[in-house]
1. Would you please name the residue that is nearest to the chain's Cα centre (by Cα), looking only at residues in region 165-185 that are free of Cβ contacts under 8 Å to residues at least 24 places away in the same chain and open to solvent by 50 Å² or more (accessible area, probe 1.4 Å)?
2. Which of the residues that make up region 270-281 are more than 17 Å from residue 168 (Cα to Cα) and surrounded by fewer than 17 Cβ atoms within 10 Å (Cβ to Cβ)?
3. Residues 337, 289, 260, 297: which one is of a type in the set (A, V, I, L, M, F, W, C), over 16 Å from the mean Cα position of the chain (by Cα) and either in a loop (DSSP other than H, G, I, E, B) or surrounded by fewer than 22 Cβ atoms within 10 Å (Cβ to Cβ) (or both)?
4. Within region 231-239, can one find any residue that is in contact with a Lys or Arg (Cβ under 7 Å, 6 or more places away or on another chain) and of a type in the set (S, T, N, Q)?
5. Is it true that some residue in region 368-382 is open to solvent by 60 Å² or more (accessible area, probe 1.4 Å) and in contact with a strand residue (DSSP E or B) (Cβ under 8 Å, 6 or more places away or on another chain)?
6. Could you tell me which residue of region 406-416 is least open to solvent (accessible area, probe 1.4 Å), considering only residues that are in contact (Cβ under 8 Å) with a residue 60 or more places away in the chain and outside any loop (DSSP other than H, G, I, E, B)?
7. I'm trying to understand the selection: among the residues of region 231-244, which are open to solvent by 60 Å² or more (accessible area, probe 1.4 Å), under 21 Å from residue 208 (Cα atoms) and in a loop (DSSP other than H, G, I, E, B)?
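The values are calculated or read from the model by the stated rules, or taken from the named source; none is laboratory data. Everything numeric here is computed off the predicted structure, so don't read it as measured data. Heads up, the Cβs are rebuilt from the backbone with ideal geometry, glycines too, and the neighbour counts pull from every protein chain shown. Areas reflect the complete protein model, heavy atoms only, side chains present, ligands, DNA and RNA absent. Shrake-Rupley method; radii C 1.70, N 1.55, O 1.52, S 1.80 Å.
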Amino acid sequence: MAADMMILGKRIKHFRITSGLTLEQLGDSVGVVPSQLSLIENGKREPKLSLLNAIASTLGVSVQELLSTEAPDRRSELEIELERLQQSELYTSLQLPAVRSTKGLSDEALEAIVGLHKEMERRERLSIATPEEARRANTELQAVMREKNNYLPELDELAEDLVKRAGHESGALMHRTVAEMANLVGFELIFVDDLPSTARSITDLANGRIYLPPASIPGGHGLRAMALQAIAHRLLNHQKPSNYAEFLQQRLEINYFAAAALMPRSRSVAFLQNAKKDRNIAIEDFRDAFGVTHEAAALRFTNLATEHLGLRTHFLRVNQGEGIFRGYENDGLRIPADVNGSIEGQVVCRKWPARMAFQRTNRTNEFYQYTDTPGGTFWDSTQTGTGEKEEFSISVGVPFDDAKWFRGRDTERREVSTCPNENCCRVPAEELAQRWSGKAWPSARMHAHVLSPLPSGTFPGVEETELFAFLEKHANAGA
C-alpha cells in the first residue's frame, strides 16, 4: 500500500511539472493548501476520490493514468526504489541515516546509491542462500500460509470425516483408532525395527502396508502422527515431488492432516471457545485435552485462532544455540529474517521470551512475558523442552490487547526489545569487551543443515537402493 501511494504521488508530481504548475497553483485550482498536496506527492497521504478527480481534470489526464502502477520516469523509479531499500531489515540493522532524494541530489548520485544498495542485498543473498532453492520455496510457502491465516479447512474436513468413520468421538485419539483409520483407506500398520535411518515411515503401495518404527519408541504421540502422515499421503494422492516446493507443500499438508486428526476441528474449536469465554486459554490445557505434544498443540492453535476465535497470533520454536527452527505470525510480530525473507536459523532477541525462558531454573510450568518491541507490545506463553540434540522453546503469543483471553495475562514480567538495533542485545557491555577483546577464541559448533537441496532422481533424503531393499525384504517375509 505504501509503495502504491508513493507511485501515485510521483505520477501526480510528474504531470503537475509537465503542465507547468506549481504546488500553489494546483492547490488553488483544486481547493487544497500546498502543504496537503506536498504530503500526497510524497506518498504520505492518500487523496480522496473527489480530490483525485479534481487533480486529474486540472492536469488534463484521466484518473486511470494517475493510478497507473508504473513510475512516471526514471528519476521517480529510483526514488521509489531507494525508499523501499532503506526500509529493509538489512539497512535498518546498520543504523545509518536515511538519504532523502532532494532536488540537490543528482540523478547520477541517486543511481549510485540505489546501485550500492542492490549490490549490498545481492551479496547478502549470496552469503546466506545455501541452498537457495529450498529457502526460497519455504519462504514462499510461509507467505501463502500467512495469507490463509495458517488455516486449511479442506484438510480439516477430510481429517474429521475419517476420524468419525473410525468411530472416535471424544478424548485422545488412540493407537488402535489410528490403525482403524489406516484400514479404512486400505492399509495395515506394521511396526519394524529396521527402517532406513533416513525414513520416518514407508508405505508399500503394492501390498497395502505402512511400516513404522516400534511402538515402544519414546513418546507415543509421535508414532500416531507418523501413521497419520502416511495415511494423508494416500488420501491426498501425493506423487513423487519433482522439486523442493512440491516436497514442502506435501510435508505441510500431511502435518496439517495429522494435527487435524489428533485435534479434530469441531471439538478443538469448542474447547478453545469455552476457554476464551472463561478468559483462560492455555496451550498446556489444549495439549492435555487431546494427548499431544506441546508443539503440536501450539501449532494447531495457530490453525484455528484467527478463523474461529478472532485472534491474530504468532508461534516460534527456537532451538537453543541454533536459532529459529519454525515460526509463524499474522499479528505483526517482526520475526527476524534474512534478505530473502527466510526465518530459519535466524537469532531472536535475547530479551524475547523464546530465549528468556531458558534462564529459568524451574521449567515445569509455562513462562509468561510481555515484550515491548518497535512493532508494539506482545504477550507470550513459552514452554521449554529437550530434543535429541538440544533444548528448545515453544512460544505462542498475541498482541497486548488480546492477552486478556489467556491464562498468565497477569504476569508482571516485562522486557523491552529494540532489535534489530544491535545495541539491544548483540553488542557486549563495553567493560566486558575491553576485558576480553582479542583474548578469547571459541571453537564454533557446526549448525544443523536447514532445508538441504532435494536430491535429483530420488525420494527426498532417502536413497532408492536402501528403500527398495527394505521393501523387498519385508514383502518376501510376509509372502
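1. 174
2. Taking region 270-281 as the starting set, the residues that turn out to be more than 17 Å from residue 168 (Cα to Cα) are 272-281.
If the condition is that a residue be more than 17 Å from residue 168 (Cα to Cα) and surrounded by fewer than 17 Cβ atoms within 10 Å (Cβ to Cβ), then 273, 274, 277, 278, 279, 280 are the ones that fit.
3. Numbers: 337 fails: over 16 Å from the mean Cα position of the chain (by Cα); 260 fails: either in a loop (DSSP other than H, G, I, E, B) or surrounded by fewer than 22 Cβ atoms within 10 Å (Cβ to Cβ) (or both); 297 fails: either in a loop (DSSP other than H, G, I, E, B) or surrounded by fewer than 22 Cβ atoms within 10 Å (Cβ to Cβ) (or both).
Result: 289 is the single residue among 337, 289, 260, 297 that is of a type in the set (A, V, I, L, M, F, W, C), over 16 Å from the mean Cα position of the chain (by Cα) and either in a loop (DSSP other than H, G, I, E, B) or surrounded by fewer than 22 Cβ atoms within 10 Å (Cβ to Cβ) (or both).
4. Filtering region 231-239 for residues in contact with a Lys or Arg (Cβ under 7 Å, 6 or more places away or on another chain) gives none.
Within region 231-239, none of the residues are in contact with a Lys or Arg (Cβ under 7 Å, 6 or more places away or on another chain) and of a type in the set (S, T, N, Q).
5. no
6. 406
7. Passing the criteria: 237, 239, 240.
So that you can scan it fast, the table gives a plain yes or no per residue for (1) under 30 Å from residue 330 (Cα atoms); (2) among the acidic types (Asp, Glu):
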| site | (1), (2) |
| --- | --- |
| 144 | yes, no |
| 155 | yes, no |
| 160 | yes, yes |
| 170 | no, no |
| 184 | no, no |
| 187 | no, no |
